[in-house]
1. Step by step: first the residues of the range 166-181, then only those that are farther than 20 Å from His147 by Cα and surrounded by 24 or more Cβ atoms within 10 Å (Cβ to Cβ), then the one that is farthest from the chain's Cα centre (by Cα). Which residue is that?
2. Kindly provide the set of residues from the range 233-266 that are open to solvent by 10 Å² or more (accessible area, probe 1.4 Å), within 14 Å of the ligand (Cβ to nearest atom) and among the β-branched types (Val, Ile, Thr), ordered by number.
3. Which number in (1) within 13 Å of the ligand (Cβ to nearest atom); (2) touching a residue at least 40 places away in the same chain (Cβ under 8 Å); (3) not charged (D, E, K, R); (4) not in a loop (DSSP other than H, G, I, E, B) marks the one condition that Ala191 misses?
4. Name the pairs: first residue in the range 34-47 and closer than 30 Å to Leu78 by Cα, second residue of a type in the set (D, E, K, R) and at pLDDT below 85, Cβ to Cβ under 9 Å, at least 6 apart or on different chains?
5. Which of the strands (runs of 3 or more DSSP E) contained wholly in the range 24-68 include at least 1 residues that are at pLDDT 85 or above and within 30 Å of Leu242 (Cα to Cα)?
6. Working only within the range 207-232, note down all residues that are under 24 Å from Glu302 (Cα atoms) and away from the ligand (no atom under 12 Å from the Cβ).
7. Can you name the number of the only condition in (1) touching a residue at least 24 places away in the same chain (Cβ under 8 Å); (2) within 16 Å of the ligand (Cβ to nearest atom); (3) open to solvent by 50 Å² or more (accessible area, probe 1.4 Å) that Arg196 fails?
8. Return the pair list, or none, for Cβ contacts closer than 9 Å from residues in the range 114-142 that are part of a helix (DSSP H, G or I) and open to solvent by less than 20 Å² (accessible area, probe 1.4 Å) to residues that are at pLDDT 95 or above and of a type outside the set (D, E, K, R), at least 6 apart or on different chains.
Amino acid sequence: MSDQRFPDWQELVLTVATADLDEVLGRLAQLGFEQTWVEQPLAHERGPDGWVTAPADADQSLVHVYTEPDDTDAAARLNAALGDRFGEVHSQVLATEDWLGQWRQGRRNIDLEAGWSLGPPWLADQAPDRARHIIIDPGLAFGAGDHMTTQDCCRLVIRLTRPGDRVLDLGAGSGVLAILALKLDASEAYAVELDRLAHGEILRNGALNESRNLHGVLGDARAADVQGPFDLILANIGAAELRAMAPAMAAWVAPRARLVLSGLVEWAADDVVAAYTAAGWHEIDRLTGAHEWVTVALEWPESE
Ligand SMILES: C[S@@+](CC[C@H](N)C(=O)[O-])C[C@H]1O[C@@H](n2cnc3c(N)ncnc32)[C@H](O)[C@@H]1O
């Protein structure tokens, strides 16, 4: 069914030698094909700290060309102009889709632990227990709940937050972990985020949850402008940054502070945890059910 807000379009795909890209794009423009997108197919490989993404074949690129769907001889014109040199042109008409509507329909409330859940604003009324539910608008920031590291961090936040805790959330994304901790009666939470768009989402999600004492801090977690001591520190950020932060983290901790580390792939986790145990932490919990992702909780001693 056609939806006029989202018109159909025709996509033609050419395989091109990367060295010829500039020439091809220039000739496409001469032929009147202005809407193009160059795709470099990617491959994902294991790196020491996680997944590394690199071009699958740097010599080949795909050029996507978009035209009106009724431009039925577009493929023939492209083939005539470029085909013998640049190979076969594949074309397809992409049907009208209300992508936004489909995307919204595909979302759901996510059960966490102990009756807690999280989900988008339009499903809040369907939460199993509204008092144990947080709203995260899936927008421009990581942390709407789809990723398993977010879910496992939430589970450990539910287990480890104590009323009155001061919370530091490093790499806060959507603010989901800080917002959850506040809902669990933390007294205040500092949500540190490098990305300006995500920083805005933290404040927006905080308002959706009527979070009090949520402080968004725009900046680098490795040199965060915050004042300890904190009782609960949350860092779903990635192995390399976590390893770098291990020595400095001690400056922020209260006695018996708890720390949640995530964004760790299983082949990097032990090494990162070792950096924290060397700094004085000891491991108290570990979640490993999220494919290759590991989430670890540690505790700081009562006193040094
Ligand atoms: C994996 S997401 C985690 C988001 C959220 N805390 C969660 O658990 O779903 C990591 C976030 O950290 C941010 N980030 C990465 N490096 C950072 C740094 N050095 N300082 C502050 N934020 C950082 C990214 O922009 C991203 O929003």
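1. Among them, the one singled out is Val167.
2. Ile237
3. Only one criterion in (1) within 13 Å of the ligand (Cβ to nearest atom); (2) touching a residue at least 40 places away in the same chain (Cβ under 8 Å); (3) not charged (D, E, K, R); (4) not in a loop (DSSP other than H, G, I, E, B) is unmet by Ala191, namely (2).
4. Final answer for the pair search is Gln40/Asp57; Pro41/Asp57; Ala43/Asp57.
5. 42-47
6. Gln227, Gly228, Pro229, Phe230, Asp231, Leu232
7. Answer for Arg196: the failing condition is (1).
8. Ala124/Asn109; Ala124/His133; Ala124/Ile135; Ala124/Leu208
The values are calculated or read from the model by the stated rules, or taken from the named source; none is laboratory data. Quick caveat, the model's predicted, so the values are computed rather than measured. Neighbour counts run over all protein chains shown; Cβ positions are idealised from the backbone, glycine included. These area figures cover heavy atoms from the full protein model, side chains too; ligands, DNA and RNA do not enter into them. Shrake-Rupley method; radii C 1.70, N 1.55, O 1.52, S 1.80 Å.
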